[in-house]
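The values are calculated or read from the model by the stated rules, or taken from the named source; none is laboratory data. Since we're looking at a predicted model, the values are computed, not measured. A quick note on method: Cβ atoms are made from the backbone with ideal geometry, for glycine too, and the neighbour counts reach across all protein chains shown.
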Amino acid sequence: MFENFFNSDAILIIAGLLIPIVGCIIGSATVFLLKSDNNAPSQKFMLGFAAGVMLAAIIWSLMQPAMELAAEKDAIPWLSPTIGFLLGMGFLLLIDSITPHIHQSSDSVEGLPSKLKKSTMLILAITIHHIPEGMAIGVVLSGAIQGGDMITGATAIALSVGMALQNIPEGAVVSAPLNNMGVSKFKSFLMGSATGLVQPISAIITMLLIDGTMDIFPAILAFAGGAMLYVIIEEIIPEGQSGKHSNIATIGAALGFALMMILDGTL
C-alpha cells in the first residue's frame, strides 16, 4: 500500500521533508501543558524516547542498508560503511567543538568562546541535533528516488515518521527551558518549532550534494548513522541520565526503540 502511494518522487520528497517538522511543532506546543523542570519525569522520558527512536533508525534505516548495499556491490561489506560511520562521528565532533552551545541541564558553554545569550546557545545545541537527522532523511530519500531494493519510498517515510516522533521530545526540551529562562510561552513555542526547519534544510543540502553518487552510497548512509550516534552518546543520553528519574529515561529509550523497530518493520 505504502509503496503504491509514494510512487511519485515529488510526493515522496514533500512528505519526507515535512513530516518531521510536524513532530517538532507538537513537541514545542507542550510548553503550554508541561512544567519546565529539567528533571521532571516527563522531560526524562522524552529524552530517552528520542534516543531510542534515533538508535533504532540508525540500525535499520542506515547501517543495515549500508552493509547490504556494500555487499550487493561485491565490495567488502564492512569497509565503506565503517569509513563512512567514523567520518560521520568525526564530522559531528567538529561541529560540536566549534559551535557555541549550552545544554538545559548545564550552565557551562561548549564550543568556541561566545557572548551569545544563553537562550540562543540552547537553540544552537538542538540545531546540532537536527543536522545529522536531516542528513539521514536526505540520504534515504535520495536512495529511494534513485531506486533499489534496499531503500524504498516506504523506508524513507518510515524514517521521516521516526524523526517526527523523536522531534516531539526534542521540541519540548527546547521550548520548556526557554520558557524557564523567562521567554514567553508563545515565543518559546515559535522558537522551538523553528528549530525543526534545520532538518529539511539539512536534508535538501544533503540530497543536492550526493546526487548521482550511488557507488559510494553505503558510506554516505553510514556517515549519517555515525553523525546521529554521536548526538545520542554525547548529548541525549547524558541529558537523560543526569539528575533524578534516570530510570524513566531508560524506559523511554526502550519504548522509543521498540516503536521505531515496529514502524520500520511495518512500513
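If only residues of segment 233-249 that are out of contact with any Gly (no Cβ under 9 Å at 6 or more places or on another chain) and either modelled with pLDDT of 85 or more or assigned to a helix (DSSP H, G or I) (or both) are counted, the one that is surrounded by the fewest Cβ atoms within 10 Å (Cβ to Cβ) is Asn247. A residue that is closer than 16 Å to Gly162 by Cβ and of a type outside the set (Asp, Glu) cannot be found anywhere in segment 178-195.
Would you confirm, using the coordinates I've provided, whether Met181 is over 28 Å from Gly16 (Cβ atoms), surrounded by fewer than 22 Cβ atoms within 10 Å (Cβ to Cβ) and either in contact with a Gly (Cβ under 7 Å, 6 or more places away or on another chain) or in contact (Cβ under 8 Å) with a residue 40 or more places away in the chain (or both)? First the steps, then the outcome.
Details: over 28 Å from Gly16 (Cβ atoms): yes; surrounded by fewer than 22 Cβ atoms within 10 Å (Cβ to Cβ): yes; either in contact with a Gly (Cβ under 7 Å, 6 or more places away or on another chain) or in contact (Cβ under 8 Å) with a residue 40 or more places away in the chain (or both): yes.
Yes, satisfied.
Being in contact with a Phe, Trp or Tyr (Cβ under 9 Å, 6 or more places away or on another chain) and not aliphatic (A, V, I, L, M) is the filter here; which residues of segment 189-211 pass it? Of everything in segment 189-211, just one residue is in contact with a Phe, Trp or Tyr (Cβ under 9 Å, 6 or more places away or on another chain) and not aliphatic (A, V, I, L, M), namely Phe189.
Just to check your reading of the model, which residue among Ala56, Ala15 is assigned to a helix (DSSP H, G or I), out of contact with any strand residue (DSSP E or B) (no Cβ under 9 Å at 6 or more places or on another chain) and either buried (at least 19 other Cβ atoms within 10 Å of the Cβ) or at pLDDT below 90 (or both)?
Step by step, each of Ala56, Ala15 is checked, and only Ala56 is assigned to a helix (DSSP H, G or I), out of contact with any strand residue (DSSP E or B) (no Cβ under 9 Å at 6 or more places or on another chain) and either buried (at least 19 other Cβ atoms within 10 Å of the Cβ) or at pLDDT below 90 (or both).
Exactly one residue out of Ile123, Ile137 is crowded, with 17+ Cβ neighbours inside 10 Å, among the β-branched types (Val, Ile, Thr) and either at pLDDT 85 or above or not in a helix (DSSP H, G or I) (or both), and it is Ile137.
In segment 18-46, the qualifying residues are those that are polar (S, T, N, Q) and in contact with a Gly (Cβ under 6 Å, 6 or more places away or on another chain), and the one that is modelled with the highest pLDDT is Ser28. The condition of being crowded, with 18+ Cβ neighbours inside 10 Å, assigned to a helix (DSSP H, G or I) and not polar (S, T, N, Q) holds for only one of Ala71, Ala154, that being Ala154. For the criterion of being of a type outside the set (A, V, I, L, M) and modelled with pLDDT of 90 or more, Ser160 passes. In this structure, Val174 does satisfy being crowded, with 23+ Cβ neighbours inside 10 Å and farther than 18 Å from Met63 by Cα.
Can you go through Asn179, Asn167 and tell me which one is of a type in the set (S, T, N, Q), assigned to a helix (DSSP H, G or I) and in contact with a Lys or Arg (Cβ under 7 Å, 6 or more places away or on another chain)? Show your work before the answer.
Details: Asn167 fails: in contact with a Lys or Arg (Cβ under 7 Å, 6 or more places away or on another chain).
Residue meeting the stated conditions: Asn179.
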